[in-house]
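See structure below.
The values are calculated or read from the model by the stated rules, or taken from the named source; none is laboratory data. It should be emphasised that the depicted structure is a prediction, and the values quoted were computed from it without experimental measurement. Heads up, the Cβs are rebuilt from the backbone with ideal geometry, glycines too, and the neighbour counts pull from every protein chain shown.
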Amino acid sequence: MSRDSQFLYSTRIDIPSMLRTQVIELLNQTLASTLDLKTQVKQAHWNVKGKDFYQLHELFDEIAAEMEEFIDLVAERITALGGYALGTARIAAQQSELPEYPFDLVEGMDHVTALADRFAIYAKSLRDGIQKTDELNEMDTNDLYIEISRAIDKRLWFLEAHLQTATNTSGAATANTQSHAVKAGAKEAKALR
């Protein structure tokens, strides 16, 4: 992104301009992906169908609202550092690290899977931001990345829990069946003694 490396507002923050420029570029990349992720969550919110419609419709709306808070936090950090927050939909579309959301999804679990895939990519980019700001010794921005990362990991857990139930139920049922069979076999062996 060229604009943020060419232009810094005057500020009394005691962080050298070269360091601020690097952090602002990183934050603008995060801003683009965060904006994109929020709109993808809203896409799922608007278009989800199926037996879990209401639950997922509400969950997706809650996640989108939380993403809006992160957008503000990132954009405000950029401007606090004297930078220019690049937060339009066009810039987000150009700069986001996320793949485009599939427009043919209808079923709830298909939306959950698509969002979980994107949240995993976003979570990794946040951890990259944590590492980079640590290397730059810019701990206030590092703390911001950590705060968002924790929340995104929690949201990814919420999404994956919907998927794991379907996957692990059969595995758990198999384990329970095997456990009952072992106990029944032990009782039969004991009765024969």
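Things worth noting here:
- Scan of region 72-109 for residues that are without any contact (Cβ under 8 Å) to a residue 24 or more places away in the chain and β-branched (V, I, T), ordered by number: T88
- From R155, R127, R77, residue being within 30 Å of Y9 (Cβ to Cβ), crowded, with 18+ Cβ neighbours inside 10 Å and among the basic types (K, R): R77
- Test set (1) in contact with a Phe, Trp or Tyr (Cβ under 7 Å, 6 or more places away or on another chain); (2) more than 30 Å from R12 (Cα to Cα); (3) assigned to a helix (DSSP H, G or I) - A64 fails condition number: (1)
- Condition broken by D134, with the remaining ones in (1) within 15 Å of L27 (Cβ to Cβ); (2) of a type outside the set (A, V, I, L, M, F, W, C); (3) surrounded by 18 or more Cβ atoms within 10 Å (Cβ to Cβ) satisfied: (3)
- Annotation: of all residues in region 85-115 being among the hydrophobic types (A, V, I, L, M, F, W, C) and assigned to a helix (DSSP H, G or I), the one that is nearest to the chain's Cα centre (by Cα) is L115.
- Residues in region 1-27 that are part of a loop (DSSP other than H, G, I, E, B) and either closer than 14 Å to L136 by Cα or modelled with pLDDT of 90 or more (or both): R12, I13, D14, I15, P16.
- Number of positions in region 4-54 that are surrounded by fewer than 14 Cβ atoms within 10 Å (Cβ to Cβ), touching a residue at least 24 places away in the same chain (Cβ under 8 Å) and either basic (K, R) or more than 19 Å from K132 (Cβ to Cβ) (or both): 6
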